[in-house]
Structures are given as structure tokens and as C-alpha cells.
2 protein chains.
Amino acid sequence: MINKVSVNEKLDLIKQHWDPIIAGELNGQHIKLVRFKGEFTWHKHENEDEMFYVVKGRFTMKLRDGDIDINENEFIIIPKGVEHCPLATEEVSVMLFEPAGTINTGDIKNNFTKINPAKI
Amino acid sequence: MINKVSVNEKLDLIKQHWDPIIAGELNGQHIKLVRFKGEFTWHKHENEDEMFYVVKGRFTMKLRDGDIDINENEFIIIPKGVEHCPLATEEVSVMLFEPAGTINTGDIKNNFTKINPAKI
């Protein structure tokens, strides 16, 4: 059975910041949705590139060699091994595209870490 | 060098319907952008799942067991092996996620076929 997915409807189901859900899966990759506000944690992914597409709002991707502001309808791809830290002064809604099994905090384990995002 | 990508700016560079561009690459997958209008061609991809996310507008994904209307901010994942045919009565802008090397017309070769989309 093939169903379409409303990104906005899924985002409305998210109750907590920094708590990603899995909205789709294809070719071993996950489509995740997350709402966040505030500053995340510096981390990197050893083996996974990660794409952040802003559905609504804006945020800053902090990188060791400079910050990049990502606005609505823009995306950024963070290559594996590159340290990054998302920062959102206001709430932002983001669609992530990354390999299944990618841990949100990468090489760091702390209170932000979500090992098994819900499939909603 | 890490750069962000404006999806709208990239879409503005597309001159022809059904002519996808590669806007990003990660984990062996391509982010493609395409604008289309009218009816495509029935086809399937033997080895690749394909995701269609509507950035602007709407279209109908024709499937052998029924049509599904995909509106702005919605997506659909077509599993490998499933025949499909996009139909847009008005122009629609779509972001595709699929493995690098995926041919737009899958198992069919005709005037719609684009073997090497431009990286813009």
C-alpha cells in the first residue's frame, strides 16, 4: 500500500524539540522530521552525510570554520566527519535525509541522544 | 567547502519541464529538482525507490491501482518495481530523493529520458 505523507501533519504530531520522527524510508535512507529551538550539541557523524531542509522557519548551522544561516526552502548537506551544531533562536521545522540508523548526536552521547526515533 | 542550497533559486534555473537537475548528493543519493507539467510516461525503476516532495503546486501520481493527489508540502515514496506516471494539470515544482544514477524514465527509453542530469 502506497500512501502520501503530509509533512505538516506529521510535524504537528511532534511534541518535543530535538525529538525526530521517521516519516519515510527508501533505499536504506530515512526521511526524518524534527522541530527544534535553542542550541543542540556539537557532534559529527563518522559514516553518514546528513541533509537538513528547512520546511518552516530558519536556523543557523554552526561549523568550526563559520556559521551558515539556513532559511525556509533551503538545505545544507553536512558531509560525514564534519563537526556541526544546529542553533535556532526561534522554532524551526526541518526535514532530514540520512541513512537509516543515523544517531542524531553522532559521536556524542548526552541528553539530546535519541537512539530509536518513532515511526509515525 | 560547505554551501547551502536555495531550492527556489535552483528551480528558477530550470528551463524545461521534465528536465531534472542535481542539486545535491549524499550517501550515494541525489537530491534532484524538477518542474513538470502535463503527463509523463508510465515506467518503473527496477532497483530504486523514489521520493517525490512537492515544493510548489500539486500533481497526481498515477498508479495502476489508483491515483494519488500530492499537494504542496506532501511527499510520496514509490517503491522499486512499482509502475507510476506523474500527471500535472498545472506546473509543479518537485524535489526528488533517489540513488545517484537513477534514470528518470526507469525501464522505458523515450523522448522524456534524461541520462545525465546537469549538476547546477
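Every number here is computed from the coordinates shown, using simple stated rules; none is lab data. Note that the structure is predicted; figures quoted are calculated from it, not measured. Every residue, glycine as well, gets a Cβ built from its backbone with ideal geometry; the counts of neighbours run over all protein chains shown.
Counting only aspartates and glutamates at least 8 places from residue A:15 when in the same chain, those with an alpha carbon closer than 17 Å to its own are A:90, A:91.
Summing -39500 (n - 2.57) over the DSSP H runs of n ≥ 4 in the protein assembly as shown and dividing by its residue number, what mean residue ellipticity at 222 nm do you reach, to the nearest 500 deg cm²/dmol? Walk me through the intermediate numbers first.
On the way: 2 runs with 12 residues, N = 240.
My calculation for the protein assembly as shown gives -1000 deg cm²/dmol from helical runs alone.
Cα gyration tensor of region B:11-68, axes a ≥ b ≥ c as square roots of the eigenvalues: rounded (a/c below 1.5), prolate (a/b > b/c) or oblate? Judged from the Cα gyration tensor, region B:11-68 comes out oblate (a/c at least 1.5, b/c at or above a/b). Taking the label point 7 Å along Cα→Cβ, residue A:100 and its counterparts in the other copies are spaced 2.2 nm apart, in ascending order.
Within the set of other residues whose C-beta is less than 15 Å from the C-beta of residue A:66, count the net charge using Lys and Arg as +1 and Asp and Glu as -1. Walk me through the intermediate numbers first.
Numbers: positive: A:62, A:64, B:4; negative: A:65, A:67, A:69, A:83.
Once positives and negatives cancel, what remains is -1.
Along its first, second and third principal axes, ordered by size, region B:7-112 spans 35, 32, 27 Å in Cα coordinates.
So for the protein assembly as shown, considering every pair of alpha-carbon atoms, how many percent are separated by more than 22 Å? Don't skip to the answer; put the middle values down first.
Working: 14615 of 28680 pairs.
Considering the protein assembly as shown, 51 percent of its Cα-Cα pairs are separated by more than 22 Å.
Over chain B, what is the mean sequence separation of C-alpha contacts under 8 Å (at least six apart), divided by residue count, expressed as relative contact order in percent? Mind showing how you got there, number by number?
Numbers: 274 pairs, mean separation 38.6, N = 120.
Once divided by the residue count of chain B, the mean separation gives 32 percent.
Amide H contacts under 5 Å for residue A:48: A:81, restricted to partners 5 or more places along the chain or on a different chain, H placed in the peptide plane at 1.01 Å from N. Take residue A:47, push a point 7 Å out from Cα through the beta-carbon direction, and compare it with the same point in every other copy: 2.1 nm, smallest first.
Between amide H atoms placed 1.01 Å from N, distances below 5 Å from residue B:100 occur with B:29, B:30, all of them 5 or more places distant or on a separate chain. When chain A is treated as a GNM with alpha-carbon contacts under 10 Å, the residue of A:26, A:87, A:96 showing the greatest mean-square fluctuation is A:26.
Counting only residues at least eight positions apart within a chain, or on another chain, the aspartates and glutamates with an alpha carbon under 13 Å from that of residue A:4 are A:25, B:50, B:67, B:69, B:72, B:74.
Which longest uninterrupted range of chain A lacks any GluC sites (Glu not before Pro) assigned by DSSP to a loop state (not H, G, I, E or B) and surrounded by at most 16 other Cβ atoms within 10 Å? By the stated rule (loop sites, at most 16 other Cβ atoms within 10 Å), A:1-45.
For peptide A:38-49, what's the mean number of Cβ atoms from other chains within 10 Å of each residue's Cβ? Walk me through the numbers before you get to the answer.
On the way: counts 0, 0, 0, 0, 0, 0, 0, 0, 0, 1, 2, 6.
Across A:38-49, the average partner-chain Cβ count within 10 Å equals 1.
Please compute the net charge surrounding residue B:31, taking Lys and Arg as +1 and Asp and Glu as -1 over other residues with Cβ under 10 Å from its Cβ.
Values: positive: B:10, B:32; negative: B:25, B:98.
Here the charged neighbours net out to 0.
What whole-number distance in Å separates the alpha-carbon centres of region B:56-81 and region B:8-42? Between the Cα centres of region B:56-81 and region B:8-42 lies a distance of 16 Å.
A DSSP coil position with no more than 11 other Cβ atoms inside 10 Å describes the following trypsin sites (Lys or Arg not before Pro) in region B:1-65: B:15, B:64.
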